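The values are calculated or read from the model by the stated rules, or taken from the named source; none is laboratory data. As the structure is a computational prediction, the values presented were derived from the model and not from experiment. Every residue, glycine among them, receives a Cβ derived from its backbone with ideal geometry; neighbour counts consider all protein chains shown. All accessible areas refer to the heavy atoms of the entire protein, side chains included, with ligands and DNA or RNA removed. Shrake-Rupley method; radii C 1.70, N 1.55, O 1.52, S 1.80 Å.
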Amino acid sequence: MVTDATNAKNTIADNIRIAVRPIRNMAETAYGTTGKYNTFGFDGLSELTDNDLYRLTRRVIRVGTKLLAELAAQGLTAAILTALGVLATDLDTAIDAIEDAIENRDLETQDRIIKGNVLWAEMSRLASIGRSLFEDTDEARYNDYVLIGGSTPKTAPPVPPPAK
């Protein structure tokens, strides 16, 4: 279901933001807010799209790995980066799961439309038979076979009331 997949993805995205913030603080403590700090690309962390968040996470892992020796004094470890990598993979999988759920929903919708069209065609065929049986003899029964919302049947001339 799309909602379940989206909720799961949102949880993972929130966990990534929570995991990246301490790394951002470590980089800020070590480098200030310029120079090597900018290499991480932390700007707009809370506002990134899912795909941009995934890309940022991969970038933080790459840059963090390259600067691991310098940031170790701030508390950055390979284990932290590995855990962040697992979250990034989970986010990528969750994004794909949403797309898969959307595709499945769309395919199921198309199947329902096809089945509904087949049903409507059969109802229209049967109604046409019913209209043709009562077209010249009984207006009330003729009207029982008029379908509203589909193809418009030919209009039957009014049936005169029976002679008394």
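I'd like the full set of residues that are open to solvent by 50 Å² or more (accessible area, probe 1.4 Å) and hydrophobic (A, V, I, L, M, F, W, C), limited to the stretch 74-108.
78, 79, 80, 83, 86, 107
Name the residues in the stretch 118-134 that are more than 44 Å from the chain's Cα centre (by Cα) and hydroxyl-bearing (Ser, Thr, Tyr), would you?
132
Can you run down the residue pairs with Cβ atoms below 8 Å, 6 or more apart or on separate chains, where the first is in the stretch 99-125 and assigned to a helix (DSSP H, G or I) and the partner is at pLDDT below 95 and among the acidic types (Asp, Glu)?
As it stands, the answer is 101/4, since those pairs meet every condition given.
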